[in-house]
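J.: Submitted below is the structure of interest, expressed as structure tokens.
The values are calculated or read from the model by the stated rules, or taken from the named source; none is laboratory data. Computed from a prediction, not measured in an experiment: that's the story for all the values here. Here Cβ is always computed from backbone atoms with ideal geometry, including for glycine, and neighbour counts include all displayed protein chains. When the accessible area is computed, the model is the full protein with side chains, heavy atoms only, and any ligands, DNA or RNA have been set aside. Shrake-Rupley method; radii C 1.70, N 1.55, O 1.52, S 1.80 Å.
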Amino acid sequence: MAVIRINDLKVRTLIGAYSWERVNKQELVINITIEYDASKACVSDKLKDALNYDSLATKAIKTVESSRYVLLEKLTSKLLTGIMSDKRVQAAYVRVDKPQALAQARCVSFELSAARR
């Protein structure tokens, strides 16, 4: 099993329960880990045989930028569902950091994972 990691993907969106959060975009930091069988890509050296991490990142960015969720839980779930929709993905982990959530903390994070049985 191979692992692709997309680390510290920064995206701005409206998210949160407070009134100021509904009008001011905040930066979120997304971390994604994906497991898949890369054996074919390792032999062929062809992009068509690999999971295209640029496409994965672009899809995640579009999902976050177009969202208007109140909770990190909902947004993280939406990202994970999108990743798992690719049948080649055997397992995935998504963490969303919200740096502006607490003044006294570097960030607040929510994470979810899923795996095929």
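J.: With each label point set 7 Å from Cα along the Cα-Cβ vector, what nm distance links Val3 and Glu111?
T.: 1.1 nm
J.: Using only the heavy atoms of the protein chains and a 1.4 Å probe, how would Val70, Val89 rank by accessible area, largest first?
T.: On the way: Val70 75, Val89 0 Å².
Largest accessible area first, the list is Val70, Val89.
J.: If you don't mind, there's one more thing I want to ask. Can you pull out the trypsin sites (Lys or Arg not before Pro) in segment 77-114 that DSSP calls coil and that have at most 11 other Cβ atoms within 10 Å? Spell out each step's value before the answer.
T.: Details: sites: Lys78, Lys87, Arg88, Arg95, Arg106; in loops: Lys87, Arg88, Arg106.
Filter output for segment 77-114: Lys87, Arg106.
J.: Work out the charge dipole of the chain with +1 on the Cβ of Lys and Arg and -1 on the Cβ of Asp and Glu about the Cα centre, then indicate which of Ser77, Leu51, Val11 is farthest towards its positive end.
T.: The one lying farthest along the dipole's positive direction is Ser77.
J.: How far apart, in nanometres, would the label points at Lys48 and Glu27 be if each is projected 7 angstrom from Cα along the Cα-to-Cβ direction?
T.: 4.0 nm
J.: Determine the sum of side-chain charges near Leu112: Lys and Arg each +1, Asp and Glu each -1, restricted to other residues whose C-beta is under 13 angstrom from that of Leu112.
T.: That works out to +1.
J.: All other residues with a Cβ under 14 Å from the Cβ of Val3 taken together, and with Lys, Arg as +1 and Asp, Glu as -1, what is their net charge? Each step should come with its number before you reach the end.
T.: Details: positive: Arg5, Arg88; negative: Glu35, Asp37.
Cβ neighbours under 14 Å give a net charge of 0.
J.: In Å², what does the accessible area per residue of the chain work out to with a 1.4 Å probe?
T.: Details: 7280 Å² over 117 residues.
About 62 Å² of surface per residue is accessible.
J.: Apply the Karplus parameterisation 6.51 cos²θ - 1.76 cosθ + 1.60, with θ equal to phi minus 60°, to every residue of segment 61-77 and state each ³J(HN,Hα) to the nearest whole Hz, in sequence, with x for glycine and proline.
T.: So the J values, rounded to whole Hz, are 4, 4, 4, 5, 4, 8, 7, 9, 6, 7, 10, 4, 4, 5, 5, 4, 4.
J.: Give me the dipole magnitude in Debye, nearest 20, for the chain about the Cα centre, with unit charges on the beta carbon: positive for Lys and Arg, negative for Asp and Glu.
T.: Working: 20 positive and 13 negative charges, 58 e Å.
Dipole magnitude for the chain comes out near 280 debye.
J.: Probe radius 1.4 Å, ligands and nucleic acids ignored: give me the carbon and sulfur share of the accessible area of segment 40-98 as a rounded percent.
T.: Answer for segment 40-98: carbon and sulfur cover 56 percent of the accessible area.
J.: Something else about it: Summing Lys, Arg as +1 and Asp, Glu as -1, what charge do residues with Cβ under 15 Å from the Cβ of Ala17 carry, Ala17 excluded?
T.: Working: positive: Arg22, Arg68, Lys74, Lys98; negative: Glu21, Glu73.
Result for the neighbourhood of Ala17: +2.
J.: Okay, next question. Across all directions of projection, what mean area in square nanometres is found for the Cα convex hull of the chain?
T.: Numbers: hull surface 29.9 nm².
Approximately 7.5 nm², given one-decimal rounding.
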